[in-house]
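Here's the structure we're looking at; comments come further down.
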Amino acid sequence: MNRIDLKGRKAVVTGGARGIGLAICQRLADSGAQCAIWDRDEEAATRAASEFPGSEAIAVDVTDPGSVDAAVAATSEVMGDIDILVNNAGIAGSSRKLWECEPEEWQEVLQIDLFGVFLCCRALVPGMIAKGYGRVVNIASIAGKEGNPNASHYSAAKAGVIGLTKSLGKECAESGVIVNCVTPAVIETDILKQISQEHIDYMLSRIPMGRFGLTEEAAALVAWLSSEDCSFTTGGVFDLSGGRATY
Ligand code: NDP
């Protein structure tokens, strides 16, 4: 594994208790960062934090402004200033045509996958601007670039994350805070339990490399985007799709 120097850096990883977020915590910790694992599954977050020395589990619902503010306070108390924010918490929602979706489920996906990113950026970016350094990495999706059928809620939310990233990147461009997003194709994690096998097969069939992505592959790119080496790219959208998107 190539080494990325994140020694002394403090990172918040939302949804870090499992899946891609857990692999990101692993990679950041291996690179010398301390991680605050923010997740609504407190038990799994605590288990994850016990694997990485210096890490903390913080219970949070990223859709709730009060909960996010409390998580910021709890994190600052034990870790001090935050250098890195990885907005990874997300759900897929069920696989349905737009007109078959219940409004409540559509809104829930938007709340977690897009509004949650807004709330966490809103809570942590000002502190990064104040000290003149920060890295924000948002986990979007290929669905946000292309629009997957039977996932209008998810595709719309992830397209929103791409737009938010471009906008915030420009707002922070002269501040030392760099904001980028990644757009993975399908990776085997618990999130796939929420969607139909037909939908998984569809997503896999669109990948020229003919395989699922790996959580470690996402974590490797996120680690670089979280580092000082990423210094002249902001508001960027980084592909992780095994060749599906070549733009
Ligand atoms: P997982 O379901 O494995 O992990 C997501 C974690 O986020 C879970 O621990 C989940 O808790 C937590 N979470 C969900 N909602 C909230 C909330 N409101 N507040 C705090 N934590 C919450 O998913 P992945 O690791 O697969 O996905 C991580 C990110 O990557 C997501 O944003 C997803 O959209 C994105 N992505 C995933 C792809 C894939 O194929 N796996 C492809 C492209 C993008 P709980 O289990 O309780 O829901």
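Readers should treat all values here as calculations from the given coordinates under stated rules, not as data from a laboratory. For clarity, every value in this text was computed on a predicted model and none was experimentally measured. Note that we place each Cβ from the backbone using ideal geometry, even for glycine, and neighbour counts take in every protein chain shown.
Give me the Kirkwood hydrodynamic radius of the range 1-147 in Å, from all C-alpha pairs, to one decimal place? Present the calculation step by step, with values, prior to reporting the outcome.
Numbers: mean 1/r = 0.0637 Å⁻¹.
The Cα-based Kirkwood calculation yields 15.7 Å.
Return the loop-located GluC sites (Glu not before Pro) in the range 33-92 (DSSP other than H, G, I, E, B) with at most 14 other Cβ atoms within 10 Å of their own Cβ; answer none if there are none.
Numbers: sites: E42, E43, E51, E56, E77; in loops: E51.
Passing sites in the range 33-92 are E51.
Helix 152-171 against the longest principal axis of the chain: what's the angle in degrees, Cα atoms only, rounded to the nearest 10?
For helix 152-171, the angle is close to 30 degrees.
Could you give each residue of the range 106-116 its phi-based ³J(HN,Hα) in whole Hz, using Karplus coefficients 6.51, -1.76, 1.60 with θ = phi - 60°, and x for Gly or Pro?
Calculated HN-Hα couplings, in order: 4, 5, 4, 5, 5, 4, 6, 7, 10, 4, x Hz.
Please report S67, S205 as a ranked list, fewest other C-beta atoms within 10 angstrom at the top and most at the bottom. Intermediate values should be presented prior to the final figure.
Working: S67 17, S205 8.
So the residues, fewest neighbours to most, are S205, S67.
From the cross-link list K10/K158; K97/K158; K7/K131; K145/K166; K166/K193, which pairs have alpha carbons spaced over 20 Å apart?
Going by Cα-Cα distance, K10/K158; K166/K193 fall outside the 20 Å limit.
How much length is gained on full extension from E216 to F232, taking 0.36 nm per residue of separation minus their Cα-Cα distance? All intermediate terms of the calculation are to be shown ahead of the outcome.
Numbers: separation 16, 0.36 × 16 = 5.76 nm, distance 2.43 nm.
Value of the extension gain: 3.3 nm.
Name the residues of the range 1-34 whose amide N is less than 13 Å from a point 7 angstrom out from the Cα of E188 along the C-beta direction?
Backbone N within reach: none found.
Which parts of the range 119-140 would a label at S167 reach, counting a residue when its backbone N lies under 11 Å from a point 7 Å out along Cα-to-Cβ?
Label zone hits: none.
Taking only DSSP H segments of four or more residues, each worth -39500 (n - 2.57), what value at 222 nm results for the chain once the sum is divided by all its residues, to the nearest 500 deg cm²/dmol?
Details: 9 runs with 104 residues, N = 247.
When only DSSP H runs of four or more count, the value is -13000 deg cm²/dmol.
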